[in-house]
Structures are given as C-alpha cells and as structure tokens.
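This report refers to the structure that appears directly beneath it.
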Amino acid sequence: MGLLGTTWQHLPLSPAMLYLSIGFVLGPSGLSLVALDPYRNASLLTLLTEIALLISLFTVGLKLRVPLSDRIWRLPLRLGILGMIVTAALIAAAGHWLLGLPLGFAVLLGAILSPTDPVLASDVQIKDVGDRDRLRFSLSGEGGLNDGTAYPAVMLGLYLLGVPEGRDYGEPSAILHALWGLAAGFLSGWLIARATVSLVLTLRKRYHQALGMEEFLALGLIAVSYGVAHLIHGVGFIAVFAAGVAMRRIEHKASGPAQPAQVIGAVSAGNEPAVATDPGKGPAYMAETVLGFNQQLEHIAEFVMVLLLGILLSAAGFSLEGALLAAVVLLMVRPAAVAVSLLRARVSRPQRWLMAWFGIRGIGSLYYLVFALQYEWPMADKERLVSIVLTTVTISVLLHGISATPLMDHYHRRTRRPS
C-alpha cells in the first residue's frame with residue numbers, strides 16, 4: 001500500500017477490497033494459515049473492534065469543522081438517528097418475514113446491520129477539514145453517530161433472546177435509558193474534550209508546558225471520554241465522537257474562517273514549540289497534529305479489521321441468506337430509510353441518490369456482531385447470525401468499493417459544472 005497508494009486512488013477499487021481478499025485467502029477456505037474462533041474469542045475480538053471503532057469515531061469528529069448551530073448538522077442527525085431506527089426496523093422485518101427468523105434474532109440482526117461506515121470508502125468521506133459538501137458531510141456525520149445510536153437496539157435484541165444484561169432495554173422505561181445514554185454520552189465527551197484541550201492550550205500559552213505528546217493526548221482523550229461515559233451509563237461511542245467535534249470546535253473558534261493549514265503556516269524542524277505556544281496558531285496546530293496521528297491509526301485499524309472480516313468469512317462461509325439480505329438492505333432498506341430521514345430536506349436529487357446508495361456496512365456491524373457473541377444464547381442461532389452478517393458486510397465492502405470512485409468522480413464533475 002505504501003508503494004501503490006497513489007495509484008490505488010485512481011482505480012475503481014478500495015483498499016478494503018484488497019485487505020478482505022488477503023484475509024479470506026489466509027483463512028480456512030484458503031491457505032488455512034490463520035484460524036480464529038469468533039465464539040471462544042468473542043471478548044478479545046470485541047476489544048479489538050472496539051478500539052478500531054473508537055479511533056474512527058474520534059477521527060470523523062475531528063474532521064467536522066462546522067458549528068453545531070449550523071443547519072447542515074440536521075442532515076447527519078436525521079440519518080444517524082431516524083435513519084438508523086428505520087433501517088433497523090426494516091431489516092428486522094425482512095429477517096422475520098423473508099428469512100423466517102425468530103423476533104429476537106431478527107431485531108438483533110437489524111440492529112447489527114444498521115450502522116454505516118464511511119471509513120471503508122474514503123471517496124465518500126469529508127475530503128478536508130471544513131468541507132461543507134452536503135453529501136460528504138452527511139455520510140461522515142451519520143457514520144460518526146449511528147455506531148452509538150444503534151446500541152439500544154442491539155441491547156433490545158439481546159433482551160428478546162433472553163440475555164439478562166439487556167433487561168433495561170426491554171422494560172417500559174427503555175426509551176428513557178436510550179435517551180439518557182445518548183445525551184449523557186454526548187455531553188460527557190464534549191465537556192471532557194473542551195476542558196482538557198483548554199487546559200493544555202493554557203499551559204502551553206502561559207507556561208510553555210504540556211508541549212508535544214499529541215499522540216498521548218489523542219489516546220488519553222479517547223479513553224477518558226469513553227470511560228467516563230460508561231461510568232454514568234452513557235453511550236461511549238457518542239462520547240468519543242463528541243470529543244472529536246469539541247476539539248475541532250475550539251480550533252475553529254480560534255482560527256476563524258481561515259483553514260488550519262493557513263493559520264499554522266510552514267512549520268520547520270525545531271520550530272514546533274513556538275507554533276504550539278502561539279495564541280493564534282496553537283489550537284490549529286494541536287487539532288491538525290492529533291488528526292494526522294489519528295488518521296495514521298485509522299489506516300492501520302482499517303487494515304486489521306477488514307483482514308479480520310476476511311478471515312472470519314473464510315471460516316463461516318458465504319451465506320445465501322446473507323446475499324439475499326444484502327440485496328434487500330442495499331436496494332430497498334437503505335433507499336427507504338434515506339427517503340424517510342430526508343423528507344423535505346434541502347438536498348439535491350443526485351445527493352439523495354448517492355446517500356441512498358452509500359449506506360456502507362463495516363466496522364460498526366463487525367463490532368456489534370462479536371459483542372453479541374459474548375453472551376449466552378443458542379449456538380445454532382449464533383452461527384447463522386455470523387454467516388448472514390459477514391456475508392452482508394462483505395458484499396457491501398465489495399460493491400461500494402467498486403462504485404465509490406466512479407460515482408463520486410461523476411458527482412464532483414456535476415458540482416463543479418457551472419449552472
């Protein structure tokens with residue numbers, strides 16, 4: 001990838017497609033060099049996918065350089081909350097009526113496949129900090145939100161399968177638990193990030209302390225936001241996304257309309273402390289340094305997760321049920337969810353069509369799959385769930401990986417064309 005990265009960007013392929021193929025070949029259906037039991041190792045796999053997801057969510061938050069009061073936020077909020085609910089409900093209905101799944105199984109399946117993942121198709125992400133394109137902003141923001149908003153639905157599915165840990169989401173007060181989880185998660189992540197970043201900037205500006213180590217600042221902020229949210233029964237994924245948005249908001253208020261790179265200017269070797277302690281440049285330098293580090297981590301996390309997806313698929317096998325469900329999700333459920341979510345929203349027809357297509361399934365679905373495998377419920381149902389989910393996610397990775405570059409290139413040509 002280091003040698004071919006630039007060439008790869010111009011092909012109708014995504015890096016995830018290569019990682020997936022390598023993982024499949026390494027697994028039991030290929031060379032049998034790697035064997036991984038998702039049932040015995042569910043806790044370890046949950047931890048690995050959790051870390052990858054947290055890195056991605058924090059990175060997405062850091063890229064969204066738009067005030068929360070801006071109307072453009074309504075689009076990802078609609079898609080990330082209402083769209084997730086509609087998606088989970090429609091997939092559950094398809095699983096129950098089309099595949100004949102029990103209700104609890106179908107609800108859990110719908111919840112697992114409801115999150116989207118823009119990381120696995122970089123062409124549809126925010127291109128640079130402050131990108132206000134409605135399509136890219138909506139898809140990026142949606143991917144940052146619905147990994148957290150799907151949590152109550154997953155717990156409801158587990159409750160219906162008889163898992164005691166999900167009982168809070170099967171009671172009449174479930175809606176209150178869900179609302180508290182989302183609100184507490186967002187507020188805790190936002191406040192922790194603002195307090196931490198403000199403290200570091202003050203120490204740098206006034207005392208020339210707390211210099212460097214942006215890598216530890218990023219990892220620590222992710223860990224503390226996630227941990228505190230869990231302590232107060234908030235959704236940790238929402239907290240980490242909010243922490244990234246809060247750090248970027250501090251930078252945006254300090255830098256104004258200028259892009260961070262323009263504010264920072266040229267940074268030579270040995271000049272970093274002077275830039276970091278500069279009252280005007282410090283916030284931009286911190287945010288961009290943290291973002292650069294997180295993006296490198298994100299590339300590695302993407303590689304590990306999609307490689308893991310390929311290995312698990314190689315062991316579980318391709319599912320005809322999963323292929324059928326993938327067609328229903330991509331061609332019917334996703335367009336319906338987008339249509340409901342964006343009712344009367346100010347977006348162009350091409351943007352609606354592309355949002356309806358790019359409902360990419362990925363790391364979020366993989367995380368919730370192995371998360372659910374930790375609990376005790378029938379093994380036959382677990383095996384069936386694994387095969388269906390892995391097949392659906394794989395088809396999404398392949399189809400969206402092939403289509404992302406040509407469709408987005410066509411979209412960019414249309415948006416640049418004078419009216």
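The values are calculated or read from the model by the stated rules, or taken from the named source; none is laboratory data. No experiment lies behind these values; they were computed from the predicted model shown. Neighbour counts run over all protein chains shown; Cβ positions are idealised from the backbone, glycine included. Note: areas computed on protein heavy atoms with side chains; ligands, DNA, RNA excluded. Shrake-Rupley method; radii C 1.70, N 1.55, O 1.52, S 1.80 Å.
Figures for the structure shown
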quantity: Failed item in (1) at pLDDT below 95; (2) open to solvent by 10 Å² or more (accessible area, probe 1.4 Å); (3) in contact with a helix residue (DSSP H, G or I) (Cβ under 9 Å, 6 or more places away or on another chain), with G282 passing the rest; calculated: (2)
quantity: Complete set of residues in the range 254-275 that are part of a loop (DSSP other than H, G, I, E, B), at pLDDT 85 or above and not aliphatic (A, V, I, L, M); calculated: G256, P257, Q259
quantity: Among the residues listed as A337, A326, A316, the single one being under 13 Å from G83 (Cα atoms) and touching a Ser or Thr at 6+ places or on another chain (Cβ under 6 Å); calculated: A337
quantity: R206, sole failed condition from (1) open to solvent by 50 Å² or more (accessible area, probe 1.4 Å); (2) closer than 22 Å to F293 by Cα; (3) among the basic types (K, R); (4) at pLDDT below 95; calculated: (2)
quantity: S43 vs. criteria within 24 Å of G144 (Cα to Cα) and either open to solvent by 50 Å² or more (accessible area, probe 1.4 Å) or polar (S, T, N, Q) (or both); calculated: yes
quantity: Condition met for V290 (free of Cβ contacts under 8 Å to residues at least 40 places away in the same chain, β-branched (V, I, T), out of contact with any strand residue (DSSP E or B) (no Cβ under 7 Å at 6 or more places or on another chain) and open to solvent by less than 20 Å² (accessible area, probe 1.4 Å)); calculated: no
quantity: The range 132-148 - residue that is open to solvent by 10 Å² or more (accessible area, probe 1.4 Å) and in contact (Cβ under 8 Å) with a residue 40 or more places away in the chain and, of those, nearest to F371 (Cα to Cα); calculated: L145
quantity: Conditions (1) more than 21 Å from V60 (Cβ to Cβ); (2) crowded, with 24+ Cβ neighbours inside 10 Å; (3) among the basic types (K, R): number failed by R334; calculated: (1)
quantity: Single residue of V263, V275, V340, V328 found to be closer than 27 Å to Y19 by Cβ and either without any contact (Cβ under 8 Å) to a residue 60 or more places away in the chain or among the β-branched types (V, I, T) (or both); calculated: V328
quantity: L120 of a type outside the set (S, T, N, Q) and at pLDDT 95 or above; calculated: no
quantity: Residue that is farthest from P335 (Cα to Cα) [pool: residues in the range 105-127 that are touching a residue at least 60 places away in the same chain (Cβ under 8 Å) and more than 16 Å from the chain's Cα centre (by Cα)]; calculated: F105
quantity: The one condition in (1) in contact (Cβ under 8 Å) with a residue 24 or more places away in the chain; (2) within 21 Å of L64 (Cα to Cα) that V228 fails to fulfil; calculated: (2)
quantity: Residue under evaluation S188, criteria (1) modelled with pLDDT of 95 or more; (2) of a type outside the set (D, E); (3) loosely packed, with under 15 Cβ neighbours inside 10 Å, criterion not met; calculated: (3)
quantity: Matching residues, the range 167-185, being open to solvent by 60 Å² or more (accessible area, probe 1.4 Å), out of contact with any helix residue (DSSP H, G or I) (no Cβ under 7 Å at 6 or more places or on another chain) and part of a helix (DSSP H, G or I); calculated: I175, L176, L179, W180
quantity: Single residue of L297, L366 found to be touching a residue at least 40 places away in the same chain (Cβ under 8 Å), under 17 Å from the mean Cα position of the chain (by Cα), surrounded by 16 or more Cβ atoms within 10 Å (Cβ to Cβ) and farther than 26 Å from V154 by Cα; calculated: L297
quantity: Residues located in the range 78-96, provided they are open to solvent by 10 Å² or more (accessible area, probe 1.4 Å), hydrophobic (A, V, I, L, M, F, W, C) and either in contact with a helix residue (DSSP H, G or I) (Cβ under 7 Å, 6 or more places away or on another chain) or touching a residue at least 40 places away in the same chain (Cβ under 8 Å) (or both); calculated: I81, L82, M84, I85, V86, A88, A89, L90, A92, A94
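For (1) under 28 Å from D131 (Cα atoms); (2) out of contact with any strand residue (DSSP E or B) (no Cβ under 9 Å at 6 or more places or on another chain); (3) at pLDDT below 95, each residue gets a yes or a no:
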{"position": "R349", "(1), (2), (3)": "yes, yes, yes"}
{"position": "A372", "(1), (2), (3)": "no, yes, no"}
{"position": "E376", "(1), (2), (3)": "no, yes, yes"}
{"position": "L385", "(1), (2), (3)": "no, yes, no"}
{"position": "T394", "(1), (2), (3)": "no, yes, no"}
{"position": "G401", "(1), (2), (3)": "yes, yes, yes"}
{"position": "R416", "(1), (2), (3)": "yes, yes, yes"}
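Residue by residue, here is whether (1) over 19 Å from H400 (Cβ atoms); (2) surrounded by 16 or more Cβ atoms within 10 Å (Cβ to Cβ) holds:
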position: H10; (1), (2): no, no
position: A16; (1), (2): no, yes
position: F24; (1), (2): no, yes
position: S29; (1), (2): yes, yes
position: L54; (1), (2): yes, yes
position: K63; (1), (2): yes, yes
position: L68; (1), (2): yes, no
